[in-house]
1. When the residues of the stretch A:213-241 are narrowed to those that are within 14 Å of the ligand (Cβ to nearest atom), in a helix (DSSP H, G or I) and in contact with an Asp or Glu (Cβ under 8 Å, 6 or more places away or on another chain), which ends up farthest from A:Val91 (Cα to Cα)?
2. Would you say B:Ala162 is farther than 15 Å from B:Ala124 by Cβ, crowded, with 18+ Cβ neighbours inside 10 Å, within 13 Å of the ligand (Cβ to nearest atom) and among the aliphatic types (A, V, I, L, M)?
3. So which of B:Val198, B:Val213 ends up being within 13 Å of the ligand (Cβ to nearest atom), away from chain A (no Cβ under 11 Å), over 20 Å from B:Leu225 (Cβ atoms) and part of a strand (DSSP E or B)?
4. Could you please find all residues in the stretch A:242-281 being among the charged types (D, E, K, R) and more than 16 Å from the ligand (Cβ to nearest atom)?
5. For the stretch B:336-369, which residues satisfy the criterion of being among the polar types (S, T, N, Q) and open to solvent by 20 Å² or more (accessible area, probe 1.4 Å)?
6. Taking only the stretch B:130-159 into account, find how many residues are more than 13 Å from the ligand (Cβ to nearest atom) and open to solvent by less than 10 Å² (accessible area, probe 1.4 Å).
7. Tally time: how many residues in the stretch B:71-103 are among the hydrophobic types (A, V, I, L, M, F, W, C), in a helix (DSSP H, G or I) and buried (at least 19 other Cβ atoms within 10 Å of the Cβ)?
Amino acid sequence: MDFHFNEEQLMFRDSVRALLERDCTADVLRELWAGESGRSDGLWSGLAELGLTGLLLAEEHGGLGMAEVDLVLALEESGRACLPEPLVETVLAAAPLLETLAAGGGTPASVADKWLPLVAAGEARLAIEHPANPCVADAHVAELLLLLADDGSLHAVARAQVELTRQPCNDAARRLFTVDWKPGDDSLLAKAAGATRLLDAAFDRAAFGCAAQQLGIGQKLIDLAVDYAGQREQFGRAIGSFQAVKHHLATAQVAVEFARPVVYRAACSLATGHTDAGLHVSQAKAMADEAALLAARTSLQVHGGIGYTWEVDLHAWMKRAWALEMTWGGSAWHRGRLADAVLADIDNKPREGQLQLQGVN
Amino acid sequence: MDLDYTKEQRAFRAEAREWLKANVPGQALPSMDTEQGFAAHREWETKLNEGGWAMVSWPVEYGGRGVDLIEWLIFEEEYYRAGAPGRVNQNGIFLLGPTLMEYGSDEQKARFLPRMAAGIDVWAQGWSEPNAGSDMAAIRTTAFRDGDQYVVNGQKTWCSRAVWADWIFCIFRTDPDSERHRGLSFMLVPLDAEGVQVRAIEQLDGETGFAEVFFDNVRVPVDQLLGEEGGGWKVAMSTAGFERGLMLRSPARYQATARKLVALLRDNPEAAQRDPTLGDRVIRGWMQAEAYALQTYRTASRIIGGGSIGAESSLNKIFWSEMDLAMHETAMALLGPRAELLPTARAAGDVGDWLDGFQFALAGPIYAGTNEIQRNIAAERLLGLPRG
Ligand SMILES: Cc1cc2nc3c(=O)[nH]c(=O)nc-3n(C[C@H](O)[C@H](O)[C@H](O)COP(=O)(O)OP(=O)(O)OC[C@H]3O[C@@H](n4cnc5c(N)ncnc54)[C@H](O)[C@@H]3O)c2cc1C
């Protein structure tokens with residue numbers, strides 16, 4: 001057992017952090033909100049150059065052949081920076097799905113051969129529809145969309161062949177759409193039965209991605225408040241010296257800190273194909289969501305009136321935390337999934353040679 | 001103890017219900033944090049006043065009906081049941097109004113109350129300053145006497161609805177050598193006075209719900225001083241009592257939210273099935289709203305019997321703000337992935353105004369004195385714990 005990240009994983013995190021601190025500042029975020037697309041090709045290709053967009057893809061598709069444990073810290077960084085790009089949708093949900101399908105040859109293989117190297121190179125983004133989400137995120141910048149037909153079959157459709165309607169939402173950075181399109185024989189990737197399995201796996205990866213981002217968002221919300229509480233004075237003292245404020249922040253930190261190992265475990269389980277990977281993801285998503293929500297509320301409270309303004313950046317992270325909590329399965333859904341499994345499994349004997357956790361292992 | 005309404009009270013309720021039914025706009029007014037919405041809400045105030053419903057507990061000569069606080073609570077219940085618009089002049093009618101009754105001279109009452117009731121003067125509250133939020137006694141905006149005027153210099157901030165309001169009630173430092181609670185005075189200032197500058201501030205939702213107000217040699221006649229010079233803290237604490245303890249947030253508001261929440265639960269059975277705690281959270285909200293109503297009737301009885309609102313208003317403020325937030329958080333959970341969509345989104349379906357309500361509820365533990373400060377007050381003044 002070793003819960004450490006290795007040298008390369010940490011270095012990768014550092015380089016992603018450095019890039020985001022330089023190219024994804026609060027000023028950049030605000031500029032992007034105001035723009036129609038809300039996205040930055042430069043930022044996306046910068047991340048691709050670091051290897052982020054192809055990290056999970058095989059070398060034959062221009063990727064690095066690495067796994068979720070290698071990615072999790074970078075995802076955390078993307079949350080910390082409030083990155084508006086479709087990292088979760090493209091890198092975690094859609095691209096690996098295409099790659100899995102490609103193994104069977106036929107149309108999916110040619111779609112994968114065409115698009116995945118572009119994803120790895122940062123020249124294409126992907127969007128994906130899923131029954132858990134009422135809208136399709138970032139469909140407007142996705143060159144290729146994976147869409148579900150009424151019969152449950154999965155299709156790959158170029159953006160030129162769809163009509164998008166933007167669905168305005170609370171987070172100024174998010175771009176959600178409903179999609180009008182028609183399935184054709186040449187667009188078919190998988191029939192309903194096969195599609196469901198693929199979509200379930202994509203769902204778990206994406207939910208894991210959101211969980212990792214929530215860790216970064218939660219930590220950032222706490223850090224912003226800690227900074228502010230150290231500077232802001234009332235009653236002749238820094239407000240951070242009041243116990244009420246300290247306790248609020250410490251409580252939020254407890255929540256983030258205890259969500260962290262759960263998210264890292266989910267990364268390992270996805271990487272190794274653990275039989276309970278889905279349940280591990282659910283626990284990660286539920287706990288990271290709760291931590292981020294608590295951090296949001298705490299950070300606002302510690303900021304007082306100034307936190308309630310558009311001028312101060314705080315709301316960007318708050319709104320992202322609220323949005324992600326409901327995306328790729330809300331925290332309640334994930335708790336419910338875990339509850340069902342724990343209840344069903346409670347009398348089973350633990351299996352040998354695995355991290356033993358009550359009920360689920 | 002008798003918890004039934006009298007015949008007169010029932011008749012009063014029926015009358016209020018009938019008038020509201022005939023007069024409440026069929027369509028929701030635009031947000032009062034927009035210019036157009038503010039104007040629409042002001043018009044509504046005028047209409048309320050024409051019907052004699054602006055502030056039923058005020059004396060008739062000031063535009064009220066001379067009824068007591070129980071009737072006021074009944075009116076509020078009917079008001080929320082009817083889905084009537086938010087009160088754009090809430091700082092005036094619920095905060096300054098009762099303070100004027102207590103501290104105003106007859107002339108001041110006659111001058112300000114009827115116009116307030118009619119929505120001719122919409123009021124803002126100017127207490128907070130950049131460096132005096134929780135620590136309100138650190139106020140630095142000065143008002144020095146010059147003949148029969150004060151000359152005001154400084155800045156207020158986070159003044160709700162000040163962008164389009166007409167007047168602002170403020171606390172200024174009138175004694176240059178004073179410290180903390182002493183030497184402060186309560187004054188009434190027109191926002192179009194020479195030297196006043198209002199800068200709108202965008203809130204979380206991007207709308208200009210509050211503003212900074214700058215004072216540059218603004219001349220305020222001495223007859224716009226409320227209470228005594230140097231006695232502003234005492235006057236302000238009376239206002240804060242109404243703000244935290246009784247009028248600003250009447251129970252009907254939360255009972256309406258609780259009813260809406262129960263309907264939302266009923267309409268989203270899948271969400272409730274997936275998360276069995278949601279039903280529990282909804283009923284908790286409903287129970288709290290009920291408890292809050294009972295507590296408010298109790299407070300009203302005490303005041304009618306000659307009592308006053310004291311430090312227990314801090315408990316009240318903690319209760320309503322946290323109940324409101326909990327109910328809105330529950331609503332967001334019930335809406336699930338649709339919760340982040342604006343009502344204008346086609347995919348949003350029938351999300352109503354929960355998102356707006358949620359974001360506003362988040363401010364509850366901050367405005368009217370933060371809940372940390374209220375807990376300090378409750379612990380020190382009600383429980384008698386040593387001061388920190
Ligand atoms: C939506 C909204 C509307 C408002 N409308 C008005 C208005 O119309 N007029 C007006 O005058 N003001 C208004 N306010 C301002 C409000 O009254 C202040 O925000 C509030 O009093 C807190 O002050 P502050 O923002 O300076 O925060 P701070 O006082 O800086 O507080 C920051 C944090 O420190 C904590 N803290 C401070 N001192 C202590 C202590 N001794 N012990 C423990 N914790 C402490 C606070 O609880 C808070 O969590 C409004 C605010 C909001 C959010």
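The values are calculated or read from the model by the stated rules, or taken from the named source; none is laboratory data. Predicted, not measured: the structure shown is a model, and the values here were computed from it. We place every Cβ from the backbone using ideal geometry, glycine too, and count neighbours over all the protein chains shown. Note: areas computed on protein heavy atoms with side chains; ligands, DNA, RNA excluded. Shrake-Rupley method; radii C 1.70, N 1.55, O 1.52, S 1.80 Å.
1. Per the stated criteria, the residue is A:Ile239.
2. no
3. Criteria check complete, one pass: B:Val198.
4. Within the stretch A:242-281, A:Glu257, A:Arg260, A:Arg265, A:Asp276 qualify.
5. B:Thr344
6. 3
7. 9
Listed here are the residues, each with its yes/no results for (1) touching a helix residue (DSSP H, G or I) at 6+ places or on another chain (Cβ under 7 Å); (2) modelled with pLDDT of 95 or more; (3) under 25 Å from B:Val235 (Cβ atoms).
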| position | (1), (2), (3) |
| --- | --- |
| B:Pro269 | no, no, no |
| B:Arg281 | yes, yes, no |
| B:Glu290 | no, yes, no |
| B:Ile309 | yes, no, yes |
| B:Trp320 | yes, yes, yes |
